[in-house]
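Below: one structure, written as structure tokens.
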Amino acid sequence: DMKPGLQAKLLRFLQNREFDRVGGTRAIKVDVRVIAATNRDLLQAVKAGTFREDLFFRLNVVTLTVPPLRERTEEIPQLAEFFLKKYCREAKKPGIRISPKAMKMLTAYSWPGNVRELQNAIERAVVLKTGQMLTPEDFSLQPMDITPEQSALMNRPFHEAVERHKREVIRRALALASGSQTKAAELLGLQRTYLARLIKQMKID
């Protein structure tokens, strides 16, 4: 969504390592490293003419692709505990814990807003909580984002449920794709390398 004029200014800054302060009369030199992040397909934006090609290649030196949180469910408990400690400390509410059932619900949720949505959900739950145990009712998640299959998982042992669900989904996708990992990855909306890693980890035939 960066306007053409701002794109040109950013490109000049990256090339010359200098910028003009508002109201200033001379350019200021800097020596910095730039880390940029986006949830847009910039290559597609370049093709569409909405993002400068020279700026794209200037930024695209080292690329790290971070899968959405729904593809990294094993990280949700650790992230939830991290944010819980952070906001308990800030709110001066020590001792608050997340119940096992609530943690299962957090893991089953699709998190369309990724880590930021998880962070906001934990913060809100801590701020509003008067007791010591966070339950599913303390989290304002959109019911439409929890499928019946995901809801059923909450009644099974946590790790077993997650692994079983992943296996079922991957096997179904592979069957529909006639065994092609590339096509299965497209069906699942995953990167092929990530799917291949899951197949190897789970020893899926």
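No lab work stands behind these numbers, since they all come straight from the coordinates. As the structure is a computational prediction, the values presented were derived from the model and not from experiment. No Cβ is skipped: glycine too gets one built from the backbone with ideal geometry, and neighbour counts run over all protein chains shown.
Measuring from the lowest to the highest alpha carbon on each principal axis, how far does the chain reach, largest first, in angstroms?
Dimensions of the chain along the principal axes of its Cα atoms: 65, 55, 27 Å.
At 222 nm, what helix-only mean residue ellipticity would the chain give, in deg cm²/dmol to the nearest 500, using -39500 (n - 2.57) for each DSSP H run of four or more? Present the calculation step by step, with values, prior to reporting the outcome.
Numbers: 10 runs with 111 residues, N = 205.
Computed mean residue ellipticity for the chain: -16500 deg cm²/dmol.
Provide the gained length on full extension for the span SER178 to ARG197, in nm with one decimal, where the gain is 0.36 nm per separating residue minus the Cα-Cα distance.
Details: separation 19, 0.36 × 19 = 6.84 nm, distance 1.86 nm.
Between SER178 and ARG197, full extension yields 5.0 nm more.
Multiplying the sequence separation of SER140 and VAL34 by 0.36 nm and subtracting their Cα-Cα distance, what value in nm do you get?
On the way: separation 106, 0.36 × 106 = 38.16 nm, distance 3.55 nm.
Contour length minus Cα-Cα distance gives 34.6 nm.
Would you kindly derive the ³J(HN,Hα) couplings of the stretch 39-45 from the backbone phi angles with the Karplus curve 6.51 cos²θ - 1.76 cosθ + 1.60 (θ = phi - 60°), listing them in order in whole Hz, with x for Gly and Pro?
After applying 6.51 cos²θ - 1.76 cosθ + 1.60, I find 10, 9, 8, 5, 4, 5, 5 Hz.
Rank these for me by crowding, LYS92, LYS85, going from fewest to most other beta carbons within 10 Å. Each step should come with its number before you reach the end.
Numbers: LYS92 6, LYS85 14.
Ascending number of Cβ neighbours within 10 Å: LYS92, LYS85.
Work from the charge dipole of the chain (Cβ charges, +1 for Lys and Arg, -1 for Asp and Glu, about the Cα centre) and give the residue of LEU128, PRO68, PHE56 farthest towards its positive end.
Farthest towards the positive end: PHE56.
Based on other C-beta atoms within 10 Å, arrange MET133, MET103 from fewest to most. Could the numbers behind the result be given before it?
On the way: MET133 12, MET103 19.
So the residues, fewest neighbours to most, are MET133, MET103.
Of LYS166/LYS200; LYS3/LYS47; LYS85/LYS166; LYS104/LYS200; LYS47/LYS183; LYS101/LYS200, which ones are farther than 20 Å apart at the Cα?
Working: LYS166/LYS200 13 Å; LYS3/LYS47 16 Å; LYS85/LYS166 29 Å; LYS104/LYS200 25 Å; LYS47/LYS183 24 Å; LYS101/LYS200 29 Å.
Exceeds cut-off: LYS85/LYS166; LYS104/LYS200; LYS47/LYS183; LYS101/LYS200.
Could I have the simple spin-label model distance between ASN60 and SER99, label points 7 Å from Cα toward Cβ, reported in nm to one decimal?
4.9
Amide H of ILE98 versus every other amide H placed in the peptide plane: which residues, excluding those fewer than 5 positions away on the same chain, fall under 5 Å?
The list, which skips near neighbours in sequence, is LEU134.
Can you work out the Karplus-derived ³J(HN,Hα) for every residue in the stretch 76-93? Use 6.51 cos²θ - 1.76 cosθ + 1.60 with θ = phi - 60°, whole Hz, and x for glycine or proline.
After applying 6.51 cos²θ - 1.76 cosθ + 1.60, I find 4, x, 5, 5, 4, 5, 4, 5, 4, 4, 4, 7, 5, 5, 5, 8, 6, 10 Hz.
What list of ³J(HN,Hα) couplings, whole Hz, do you get for the stretch 173-179 from phi and the Karplus terms 6.51, -1.76, 1.60, once you set θ to phi - 60° and write x for glycine and proline?
Those phi angles translate into 5, 5, 5, 5, 8, 6, x Hz.
Return the tail of the calculated pair distribution for the stretch 1-47, meaning the percent of Cα-Cα pairs more than 15 Å apart. Could you put the intermediate results ahead of the total?
Working: 626 of 1081 pairs.
In whole percent, the share of Cα-Cα pairs in the stretch 1-47 beyond 15 Å is 58.
What is the order of SER180, SER140, fewest Cβ neighbours within 10 Å to most? Write down the numbers at each step before the final one.
Details: SER180 14, SER140 10.
Ordered by Cβ neighbours within 10 Å, fewest first: SER140, SER180.
Per 0.36 nm of contour for each residue apart, how much would the distance between MET133 and GLN78 grow if the chain were fully extended, relative to their Cα-Cα spacing?
Numbers: separation 55, 0.36 × 55 = 19.80 nm, distance 1.71 nm.
Length gained between MET133 and GLN78: 18.1 nm.
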